[in-house]
């Protein structure tokens with residue numbers, strides 16, 4: 001049998017097998033048998049040595065034309081089989097969107113995050129800028145620039161986690177205020193939320209990790225009246241127009257004069273109840289006028305500028321807002337508790 005007849009036989013056999021090929025694997029096997037290194041068409045090319053030299057170019061051209069034709073037939077069949085397999089896979093994976101199913105569970109905003117967003121909305125509405133800082137802080141910013149030098153007795157009340165002699169886990173977000181005063185010129189109006197760390201025992205009202213929101217205003221002619229007006233607006237925005245603020249003298253190294261701030265009890269609205277121990281007021285935050293020594297250490301002229309600062313415990317106002325009696329509930333991830341705030 002001549003080469004031309006062999007080529008016609010190979011092509012005819014391949015057409016028959018292509019019609020029977022039902023998947024890509026069988027198609028690949030057919031390609032190897034015909035066009036592979038040991039395939040029938042490749043064997044013909046190796047037999048060219050027996051062809052007279054003058055006929056080799058023509059025979060070689062015929063073989064290459066058949067190779068191209070057979071390759072095209074294989075590619076066309078491969079595309080067809082791939083399309084069929086894709087259609088079958090998509091059909092098997094199809095979802096009946098009309099089939100009734102249980103809806104997936106929908107989460108909710110954590111009570112801490114909910115109250116934090118409300119507080120920040122309140123202060124940004126009054127022109128405050130939200131500023132954050134590092135949680136691992138230098139002693140210089142956490143204490144010294146806030147009028148708490150080395151060996152100051154007030155440091156004992158902080159229950160500090162020390163990383164080394166000059167680095168701490170910040171005990172409040174006030175170091176962010178110090179950083180702002182060092183890097184900006186007045187007027188300054190910022191609020192600083194974030195996690196803080198103190199070596200407290202864990203119980204219903206204490207945790208070694210909790211959150212604070214501290215505010216700072218520095219400008220010319222800032223007075224205690226501005227502080228009270230700001231906190232009045234905050235309290236009414238968060239708890240209602242009938243809420244009143246009450247200032248009591250206190251002491252903080254960072255501020256002078258200093259005050260503790262009580263708000264009308266949110267539970268009884270000032271009538272007296274178990275939550276407020278019959279007083280009608282609940283202690284919520286600390287505040288005061290920025291100590292002139294702090295302004296000087298941060299490069300601000302206390303003769304020209306004055307300011308006020310305040311600090312709010314986020315967990316405390318969240319617990320008061322929702323009547324939560326145990327702080328630990330907010331950290332344990334118990335769905336029975338969290339589902340109440342969806």
Subtracting the Cα-Cα distance of residue 9 and residue 69 from 0.36 nm times their residue separation yields 20.2 nm
On each of the three principal axes the extent of the alpha-carbon atoms of the chain, given in whole Å and largest first, is 116, 53, 37
Computed over all unlike Cα pairs, the Kirkwood hydrodynamic radius of region 77-165 in Å stands at 20.6 Å
Tilt, helix 3-20 to longest principal axis of the chain (alpha-carbon atoms), in degrees rounded to tens, equals 50 degrees
In nanometres, the difference between 0.36 nm per residue of separation and the alpha-carbon distance of residue 151 and residue 102 is 11.4 nm
Largest first and rounded to whole Å, the semi-axes √(5λ) derived from the alpha carbon gyration tensor of region 261-342 read 36, 19, 8
Nearest 10, in degrees from 0 to 90: the angle of helix 24-35 to the longest Cα principal axis of the chain is 40 degrees
For region 58-119, the Cα gyration tensor yields equivalent-ellipsoid semi-axes (√(5λ), largest first, whole Å) of 61, 20, 5
Under Stokes-Einstein, region 178-294 at 37 °C and 0.692 mPa s, with its Kirkwood radius over C-alpha pairs, diffuses with a coefficient in µm²/s of 204 µm²/s
Once residue 250 and residue 203 are pulled to full extension, the length gained, defined as 0.36 nm per residue separation minus their Cα-Cα distance, is 14.4 nm
What helix-only [θ] at 222 nm does the chain give? Using -39500 (n - 2.57) per DSSP H run of at least 4, over all residues, to the nearest 500, the answer is -13000 deg cm²/dmol
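Coordinate-derived values only; no laboratory data. This structure is a prediction, so every number in the text was calculated from the model and none was measured.
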